[in-house]
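Enquirer: One structure follows; several queries about it will come next.
The values are calculated or read from the model by the stated rules, or taken from the named source; none is laboratory data. As the structure is a prediction and not an experimental result, all values here were calculated from the model. Positions of Cβ are backbone-derived with ideal geometry, glycine not excepted, and every protein chain shown enters the neighbour counts.
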Amino acid sequence: MEIRQGNPCYICLLKTQPRMSCKITLVEHQRRKADLHAASRLLFVALCAAVVSGVSAPSSQSHPVRIGYCAQLSEIDATKAAGFDYVELRTSEVAALSQADFEKLADKLKRIALPVPDAYQFIPGNIKLTGPQADQALQHDYVQKALDRVSKLGARTVVLGSGTARQYPDGFSKEAALRQFAEFCKWLGPEARKRNITIAIEPLRKEESNLINTLAEGLQFVKSVGDPNIQLNVDYYHLEMEREDPAVILQARDYVRHVHTANPQGRVFPLNWEEYNYAPFYSALRKIGYDKEVSIEARTDDFPREAPQAIAFLRRAFLAEDFDTSHSQTR
């Protein structure tokens, strides 16, 4: 067997003492060289894969949120046709259906493959949550039926705005109303949890309710309730109507469960960057890493045309890292 002596081999050059003479056989030398080449190829492939993964990863997150529409039952087909990711149904409308009609609704949603991850308009106005007419038995009976139904449709978030239901009457103490509402939510949290649902408290403009008008008030309220299944819904329209700085979203980041949006000017479909100063709101949502559902709660005179445009607008809103400076307008 030939022994190579005197000259450092390719393998030896990689050692800490390359000037030492190689004492290995030629066969062993060739084997080591082949192993080194194979390892180099594997390293090259791994690096290429890492580069490709780094480039393609953002595309898998190209739609970080799902875009839905707050709809009446009569709008389900239009919602599906427009290309929304899901429909957000009115809880009170679903609860009012006969059992037969509810089963038909569930079958239809399954047949057309339209998810219902969220529901809104939770408590009807005739069921008072505050004031002297608040009736716990009536509240509990309705809530249990309503949550049972929307959970069967797949809902995991139920927005609690219900301005009329939570409105306290003139002459009634606001502090007492807050206590009543907090007690209701402390009961509601465990009921929602049984059904894998989170309740999202929605601050409403003063014209729609006299209890919890700003996100700051909503944040203080959910903290006082202290239940993990009682969180917040951020509605852009109400936030703007109350002239609240969207930066408050950063303070509420751990409690933001759901988002409603619209063009605050007329509460119509949001269609393009130039029509309103959207930048601070969507920038705040991006900063907290919001990646759940965003539902359009707004009106339009041309649903088939404007719905796809609004969907595209919202998808871009959560990707436009450079939007804040390039499209900012004066408030």
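Enquirer: Using the structure shown, decide if G171 is without any contact (Cβ under 8 Å) to a residue 40 or more places away in the chain and small (G, A, S).
Expert: yes
Enquirer: Among the residues of region 227-243, write down those that are under 21 Å from the mean Cα position of the chain (by Cα) and not aromatic (F, W, Y).
Expert: Residues satisfying the conditions are D227, P228, N229, I230, Q231, L232, N233, V234, D235, H238, L239, E240.
Enquirer: Pairs under 6 Å by beta carbon, first residue not assigned by TED's automatic domain parsing to the domain that holds N233 in region 85-100, partner part of a strand (DSSP E or B), six or more apart or different chains?
Expert: Partner pairs satisfying both residue conditions: none exist.
Enquirer: Also, quick follow-up: Scan region 165-206 for residues that are surrounded by fewer than 15 Cβ atoms within 10 Å (Cβ to Cβ) and outside any helix (DSSP H, G or I) and jot them down.
Expert: Residues satisfying the conditions are P169, D170, G171, S173, N196, K206.
Enquirer: Something else: Looking only at region 250-259, decide whether some residue is more than 27 Å from W187 (Cβ to Cβ), part of a strand (DSSP E or B) and either in contact (Cβ under 8 Å) with a residue 12 or more places away in the chain or touching a Phe, Trp or Tyr at 6+ places or on another chain (Cβ under 8 Å) (or both).
Expert: No, region 250-259 has no match at all.
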